[in-house]
Amino acid sequence: MEILGTGIDLVENARIAASIEKFGDRFLHRIFTANEIAYCAPKPNPVPHYAARFAAKEAISKAFGCGIGKTLGWLEMEVTNDELGAPHVVLHGAGVELAAARGVRQIHVSLTHTDAYAAANALLVG
């Protein structure tokens, strides 16, 4: 087992709230998968949950060293929860191809949030 990359990100929840308020579903469906929206939307305060997933996607892209855009898109990374509630990363499309090309066998991610901030770190393991 080898560590192939690491990434971290911190997001102000107010920034995500402002984007949701300004762009609504257009923003949500551009950044989050249907499963992520289904998880976050019913929460009494969904913003910190969206922000944590936003931070996770940024952290994952940093771990890959490519950023979000041409090589890896927002919807090609999905943060789900396992049966115990721990966050789990599912890659789609180009994300699967990128992981295979880099020899990534697992992506570990950790999320945290407060009323004001959300943070995540990601670790690529080969």
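Every read-out reported here was derived from the displayed coordinates using simple, explicitly stated rules and does not represent laboratory data. If you're wondering where the values come from, they're calculated on a predicted model, not measured in any experiment. With ideal geometry, Cβ positions are generated from the backbone for all residues, glycine too; neighbour counts draw on all protein chains shown.
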Vicinal HN-Hα couplings computed from phi for region 24-39 (Karplus, 6.51 cos²θ - 1.76 cosθ + 1.60; Hz; Gly/Pro x):
x, 4, 4, 5, 4, 6, 7, 9, 10, 6, 4, 5, 5, 5, 4, 6
Residues meeting the amide H criterion for T6 (H placed from the backbone, H to H distance under 5 Å, 5 or more places apart or on another chain) are L124
Can you compute 3J(HN,Hα) from phi for each residue in region 64-71, using the Karplus curve 6.51 cos²θ - 1.76 cosθ + 1.60 with θ = phi - 60°, rounded to whole Hz and x for Gly and Pro?
6, x, 10, x, 9, x, 4, 8
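Please report the relative contact order for region 1-76, taking Cα pairs under 8 Å with a sequence separation of at least 6, and give it as a percent rounded to a whole number. Please report the intermediate quantities before stating the final value.
Numbers: 66 pairs, mean separation 36.7, N = 76.
Rounded, it is 48 percent for region 1-76.
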HN-Hα J in Hz across region 117-126 - Karplus 6.51, -1.76, 1.60, θ = phi - 60°, x for Gly and Pro:
9, 10, 9, 8, 10, 9, 10, 8, 10, x
What does the charge dipole of the chain about its Cα centre add up to, to the nearest 20 debye, if the Cβ of each Lys and Arg holds +1 and the Cβ of each Asp and Glu holds -1?
300
Fewest-first sequence of V109, V96, V89 by Cβ atoms within 10 Å of each Cβ:
V96, V89, V109
Starting with the highest mean, order 35-43, 55-63 by the number of other Cβ atoms within 10 Å, averaged over the residues of each peptide.
55-63, 35-43
